[in-house]
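Colleague: Starting off with a structure, shown below.
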Amino acid sequence: MRPMTITEKILAKHAGLKVVTPGDLINAKVDIALGNDITAPIAISEFRRIGAKKVFNRNKVILVPDHFTPNKDIKSATQVKILRDFALEQKLTHYYEGGDVGVEHALLPEKGIVVPGDLVIGADSHTCTYGALGAFSTGVGSTDLAAVMITGELWFKVPESIKFVFRGKLRKWVSGKDLILRIIGDIGVDGALYKAMEFTGGAIESLSIESRMAMCNMAIEAGAKSGIIPPDAITKAYVEKRAERPYKFYSSDKDAVYSEVREYDCADIEPQVACPHLPENTKNVSEVKNVRIDQVVIGSCTNGRLEDLAVAAKILKGKKVARLVRLIVIPATPFIYSEAMKRGYFDIFLKAGAVISPPTCGPCLGGHMGILAAGERAVATTNRNFVGRMGDVKSEVYLANPAVAAASAVKGKIAHPDEVV
Amino acid sequence: MKFTGNVWKYGADIDTDRIIPARYLNTSDPLELAKHCMEDEDPAFASRVQQGDIIVAEKNFGCGSSREHAPIAIKAAGISCVIARSFARIFYRNSFNMGLPILESDEAVDTASRGDVLEVDMDSGKIHNVTKGLRFKARPVPPFMQELIKAGGLMESIRKRGGI
């Protein structure tokens with residue numbers, strides 16, 4: 001039988017096939033389908049327009065209003081109400097609002113809703129995050145979501161895979177965010193267009209689940225269909241106490257075929273910064289000098305997890321944010337919020353002069369809770385630095401890991417964590 | 001499907017935030033979205049675009065978010081089709097699903113200038129730059145996608161398959 005990658009194996013299994021080959025068009029069963037307050041209203045409207053009455057499985061359609069919540073205006077509140085009414089009508093098991101809601105791609109793994117071996121689609125481009133658990137997951141639009149809500153299935157083109165091998169040990173202050181930024185800097189924002197990115201090697205095997213999620217989360221920023229990390233003992237330790245369904249570990253065959261293999265030595269990788277206005281404009285942090293900043297955002301589906309807040313707290317302990325710099329910390333879920341509070345991070349953040357936001361996507365997409373004026377500049381642990389992404393078209397966003405973001409908040413300019421600690 | 005319209009020319013990696021900024025995503029009303037289409041890239045676009053006009057762009061058009069509001073805004077603004085060197089994956093899917101005609105052609109992108117008149121035949125993939133007197137053929141649309149278009153989009157194809 002043809003050797004297969006982990007991605008090909010998961011797709012074959014869900015299509016009821018023994019073997020798939022890149023380029024094959026398949027119809028596959030979907031385990032989890034996700035929508036949010038921006039994308040789900042269109043899906044719900046399409047669902048109703050063609051006369052559908054019932055979702056294919058009320059446990060598998062997940063609605064998470066996280067983008068403009070807590071509702072920023074009347075229109076946003078109206079969008080969320082569409083989700084709420086639909087969730088109640090369809091008796092959806094997983095609908096989250098108020099004190100239960102978190103940033104979707106942090107919330108679903110944390111609650112054990114997505115598990116290894118799943119095929120997940122979400123009407124949100126960062127749905128690729130769940131590859132960190134060894135699932136095939138990909139972002140789609142609202143109409144695709146509507147199709148899955150009705151039928152539980154969707155068509156896919158089996159992607160080619162690119163393998164990224166990371167050898168050696170990560171340097172201090174380097175995390176999964178830096179590895180993925182480095183890749184995007186090398187291959188560009190369409191360097192993995194339509195393809196699956198598979199991350200492997202010794203450095204990945206010892207990477208935390210949080211860092212793995214940050215990596216897979218940004219696969220879309222290289223144009224990829226999905227990102228995936230073969231599950232292992234670290235995955236098992238994370239999912240076994242959370243999984244709400246049985247899960248399965250898949251792995252790539254030794255002789256599986258890749259369109260390309262790229263190797264990295266982690267000794268060469270220092271913290272990365274993606275300069276405006278594309279995630280591919282990456283530089284070593286030490287090369288970005290004298291860039292004054294007005295705002296720092298630590299949060300999002302990329303870097304709003306406990307490990308991210310922990311490293312920020314480590315750097316900010318006993319320090320003050322530079323005068324007139326606004327530091328906004330956004331724990332990604334209620335659990336992360338509560339845990340960060342218990343561990344004393346909030347005291348550190350508040351003493352440093354930070355604002356602590358409830359879980360929301362908020363400023364990452366220029367929604368609310370931290371918008372930039374013309375000429376303002378931010379360092380953010382988020383995933384996109386497009387023109388106008390966080391506010392005015394004349395504002396700028398620099399992407400970095402939480403350690404660089406925290407250090408930059410203290411210095412008032414983009415800084416290496418070693419300059420502060 | 002045949003279209004004739006004037007070219008709006010854009011560069012590489014036009015992301016969905018530039019096609020429709022997130023600050024307007026608190027609605028999914030197509031006409032409301034159309035008012036802000038391309039606003040952060042080309043503030044004049046929404047007020048000057050004519051019914052039937054054609055967007056021509058470099059590589060990776062529609063990269064970034066999965067918002068279907070992007071092709072919805074373009075279509076509601078009056079654009080008849082988008083020609084690019086390549087499209088980002090989710091934008092590509094969304095366009096077929098919701099019925100925005102799109103084509104890939106390097107030659108058409110290389111030669112088109114803002115304001116050129118193009119004639120596009122979606123069925124044959126033929127592109128005629130009337131202003132410059134040049135003719136090209138776009139990369140063929142995969143048969144599966146053609147079926148989707150013929151069925152009237154993804155939702156209609158589900159209805160026809162008896163998916164409901």
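The values are calculated or read from the model by the stated rules, or taken from the named source; none is laboratory data. Since this is a predicted model, take the numbers as computed values, not measurements. Cβ coordinates were reconstructed from backbone atoms using ideal geometry, including for glycine residues, and neighbour counts include every protein chain displayed. Note: areas computed on protein heavy atoms with side chains; ligands, DNA, RNA excluded. Shrake-Rupley method; radii C 1.70, N 1.55, O 1.52, S 1.80 Å.
Colleague: Shape verdict for the range A:366-421, please, from the Cα gyration tensor: rounded (a/c under 1.5), prolate (a/b greater than b/c) or oblate.
Modeller: Prolate shape, in that a/c is at least 1.5 and a/b is the bigger ratio.
Colleague: Let me ask another. Counting only heavy atoms of protein chains, what accessible area per residue, in Å², does the range A:286-417 have with a probe of 1.4 Å?
Modeller: 34
Colleague: Using Cα pairs closer than 8 Å and at least 6 residues apart in sequence, work out the relative contact order for the range A:6-264, in percent.
Modeller: 24
Colleague: Further, regarding this structure: Taking a quarter of the surface of the Cα convex hull of the range A:1-113, what do you get in nm²?
Modeller: Seen from a random direction, the Cα hull of the range A:1-113 projects 8.8 nm² on average.
Colleague: Nearest 5 percent is fine: what portion of the DSSP beta bridges confined to the protein assembly as shown is antiparallel? Don't skip to the end; give the middle numbers.
Modeller: On the way: 23 of 76 bridges.
Bridges in the protein assembly as shown that DSSP calls antiparallel: roughly 30 percent.
Colleague: Let me ask something else. Starting from the alpha-carbon convex hull of the range A:184-283, give the projected area averaged over all orientations, in nm².
Modeller: 7.6
Colleague: Work out from phi, with θ = phi - 60° and the Karplus expression 6.51 cos²θ - 1.76 cosθ + 1.60, the ³J(HN,Hα) of each residue of the range A:86-95, listed in order in whole Hz, and give x for Gly and Pro.
Modeller: 5, 4, 6, 4, 8, 6, 5, 5, 10, 10
Colleague: Given a Förster radius of 60 Å and the C-beta distance between residue A:291 and residue A:1 as r, what FRET efficiency does 1/(1 + (r/R0)^6) yield to the nearest 0.05? The partial results should precede the final answer.
Modeller: On the way: r = 53 Å, r/R0 = 0.89.
Once rounded, the FRET efficiency stands at 0.65.
Colleague: Same structure, new question: Placing unit charges on C-beta atoms (Lys and Arg positive, Asp and Glu negative, everything else neutral), compute the dipole magnitude of the range A:127-270 about its Cα centre in debye, rounded to 20.
Modeller: 380
Colleague: Report, in whole Å, the centroid distance computed from the Cα atoms of the range A:38-86 and the range A:142-209.
Modeller: 28
Colleague: Here's another thing I want to ask about it. Indicate the gyration tensor shape class of the range B:10-108 (rounded, prolate or oblate), computed on the Cα atoms with a ≥ b ≥ c the square roots of the eigenvalues: a/c under 1.5 is rounded; otherwise a/b larger than b/c is prolate and the rest oblate. Show your work: numbers first, answer last.
Modeller: Numbers: a/c = 1.44, a/b = 1.26, b/c = 1.14.
Taking the square roots of the gyration eigenvalues as a ≥ b ≥ c, the range B:10-108 is rounded.
Colleague: Just the projected area, averaged over all directions, of the convex hull on the alpha carbon atoms of the protein assembly as shown: how many nm²?
Modeller: Mean projected area for the protein assembly as shown: 24.4 nm², to one decimal.
Colleague: Probe radius 1.4 Å, ligands and nucleic acids left out: can you give me the accessible area buried at the B-A interface, summed over both chains, in Å² to the nearest hundred?
Modeller: Looking at B and A, the buried total is near 3800 Å².
Colleague: Determine, from the Cβ-Cβ distance of residue A:251 and residue A:93 and an R0 of 41 Å, the FRET efficiency 1/(1 + (r/R0)^6), rounded to the nearest 0.05.
Modeller: 0.85
Colleague: Provide the three semi-axes, in whole Å and in decreasing order, of the ellipsoid equivalent to the range A:274-419 as defined by the square roots of 5 times the Cα gyration tensor eigenvalues.
Modeller: Working from the Cα gyration tensor, I get semi-axes of 22, 17, 13 Å.
Colleague: Just to be sure I understand the interface: list residues from the range B:54-77 that lose 10 Å² or more of accessible area between the chain on its own and the complete protein assembly, 1.4 Å probe.
Modeller: Residues shielded by partner chains are B:59, B:60, B:63, B:64, B:65, B:66, B:67, B:68, B:69, B:72.
Colleague: Further question: Quickly work out the residue B:107-to-residue A:418 label distance, labels modelled 7 Å from Cα along the C-beta direction, and quote it in nm with one decimal.
Modeller: For the pair residue A:418/residue B:107, the computed spacing is 5.5 nm.
Colleague: Same structure, new question: For A:66, B:110, write out the residues from largest to smallest accessible area, computed with a 1.4 angstrom probe and no ligands counted.
Modeller: The most accessible residue leads, giving B:110, A:66.
Colleague: Now for a separate question. Could you run the Karplus curve 6.51 cos²θ - 1.76 cosθ + 1.60 with θ = phi - 60° over the range A:161-169 and give me ³J(HN,Hα) per residue in whole Hz, x for Gly and Pro?
Modeller: 10, 10, 9, 10, 10, 10, 9, x, 9
Colleague: Next question, about the same structure. Got a number for the accessible area of residue A:386? Probe 1.4 Å, square angstrom, nearest 10.
Modeller: Residue A:386 exposes around 10 Å² with every protein chain in place.
Colleague: Identify, among B:47, B:152, B:127, the residue whose Cα sits farthest towards the positive end of the charge dipole of chain B, taking +1 on the Cβ of Lys and Arg and -1 on the Cβ of Asp and Glu, with the dipole about the Cα centre.
Modeller: B:152
Colleague: Out of the DSSP beta bridges found with both residues in the range A:274-419, what percent are antiparallel (nearest 5)?
Modeller: Percentage antiparallel, nearest 5: 20.
Colleague: While we're here: Leaving out ligands, DNA and RNA, what percent of the accessible area of the range A:274-419 is carbon and sulfur, probe 1.4 Å?
Modeller: Whole-percent figure for carbon plus sulfur exposure: 52.
Colleague: Could I ask something else about it? Two decimals, Cα atoms only, Kirkwood Rh: what is Rg/Rh over the range A:6-264?
Modeller: Value, to two decimals: 0.97.
Colleague: Please list A:63, A:278 in order of solvent-accessible area, largest first, computed with a 1.4 Å probe with all protein chains present.
Modeller: Greatest to least solvent exposure: A:278, A:63.
Colleague: Among bridges DSSP assigns within the range A:6-264, what percent are antiparallel (round to 5)?
Modeller: The answer is about 15 percent antiparallel.
Colleague: For B:80-90, what's the mean count of beta carbons from other chains sitting within 10 Å of each residue's beta carbon?
Modeller: Numbers: counts 0, 0, 0, 0, 0, 1, 4, 4, 7, 15, 12.
Counting other chains' Cβ atoms within 10 Å and averaging over B:80-90 gives 4.
Colleague: Ok, one more. Which whole-angstrom value gives the distance between the alpha carbon centres of the range A:249-304 and the range B:128-148?
Modeller: Value for the Cα centre distance between the two parts: 37 Å.
Colleague: Name the most mobile residue of A:39, A:151, A:381, meaning the one with the largest mean-square fluctuation, in a Gaussian network model of chain A with Cα contacts below 10 Å.
Modeller: A:151
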